[in-house]
Structure formats: C-alpha cells, structure tokens
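No lab work stands behind these numbers, since they all come straight from the coordinates. Values in this document were obtained by computation on a predicted structure and should not be read as measured data. Neighbour counts run over all protein chains shown; Cβ positions are idealised from the backbone, glycine included.
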Amino acid sequence: MSATRLELSRSWVLAAVIVALHAAAALSVLAVLRTAPGYALAAALLGLGAAAAWARALHGSLRSVRALELSGSDLVLELRDGTRHAAELAAGRHVSRAMVTLPVRRPVRRTILVTRDMLEPDSFRRLRLWALWGKLPTDPRGA
C-alpha cells in the first residue's frame, strides 16, 4: 500500500489568530493589573503568542510538523529538521470544514492542528476523510 504524503504549508491566518488571541489575553491582564508585574505578564503573553504562531502556524521551529504521511490507518510525522516519527493517535479527533485536529499519543503527546489553508483542497479533503474513517478512500478507477 502506498503512502499519501501531505506537505503542510504555512498558515498566516492561523498565525494571526494565535497572536490576536494572545494580544486579547494581554489586554485583559492590563485591564485589571496596571502595574509592573501586569505589564511584564502582558509582554510575556504577547511573546508566547508570537512563539506559538512561529512554531505551530508558520513551521519555524525545527520540531514543527512539516509533512504527514498517511498509509492505511498509520500516520508518520515529518518534522522540519527532517526526522520522521511513526505516530500513535489518541481518541478525540476533530474534523470540520476549516480544520482537523489529530491528538498524538506517541512519540510525544501533542495535538496537530491542520487548517484548510495548509493544504491543497483535494489533500485537505483526503485528510478529513482519513481522520474520520481511519483509512484513505480507494480510487474507484483503480489508479
């Protein structure tokens, strides 16, 4: 059985959402705590948002997931540093028109979030079907 490789591209929309939500949290802190520790916490929240967006949405970290390989019910993660890891998925996948979440149990506990703009439309559709069924649909043409 051949594997389907899905190369993830950067999601500027997801990066903007991550930073905006962290900025909202920073503003909430400043609304109730206008002291030096409040400003420090707000700055830390903004920094955390920038780091999360860089690593998760823009794939800037060496440990960022750059590609998914689907083969039957198996999943292999390829990281930006080139390493590949067979992943064991946990229960609780979420599939919608805009995103797919894949909770990984091994090799490390994390959740992979794939948004619609990270893949071509056909690839995103295949990922959604795989996440729902645990396998890829067969090609009726036999190709």
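Summary of computed values
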quantity: Calculated FRET value between R10 and R105, using beta carbons and R₀ = 22 Å, to 0.05; calculated: 0.25
quantity: Helix-derived mean residue ellipticity, 222 nm - over the chain, DSSP H n ≥ 4, -39500 (n - 2.57), to 500; calculated: -12000 deg cm²/dmol
quantity: Among L89, L27, L127: highest mean-square fluctuation, GNM of the chain, C-alpha pairs under 10 Å; calculated: L27
quantity: Among S71, S28, S61, residue whose mean-square fluctuation peaks in a GNM of the chain (springs only between Cα atoms under 10 Å); calculated: S28
quantity: Of the DSSP H helices in the chain, those whose Cα atoms cover at least 27 Å axially and whose Kyte score averages 1.6 or more; calculated: 12-32
quantity: Virtual paramagnetic centre 7 Å along Cα→Cβ of D117, amide N under 12 Å, in segment 43-87; calculated: 57-58
quantity: Semi-axis lengths (Å, descending) of the ellipsoid that matches the C-alpha gyration tensor of the chain; calculated: 35, 15, 13
quantity: Between segment 1-35 and segment 77-143, the Cα center-to-center distance that results, in Å; calculated: 19
quantity: Gyration tensor (alpha-carbon) shape descriptor, segment 12-57, a/c threshold 1.5; calculated: oblate
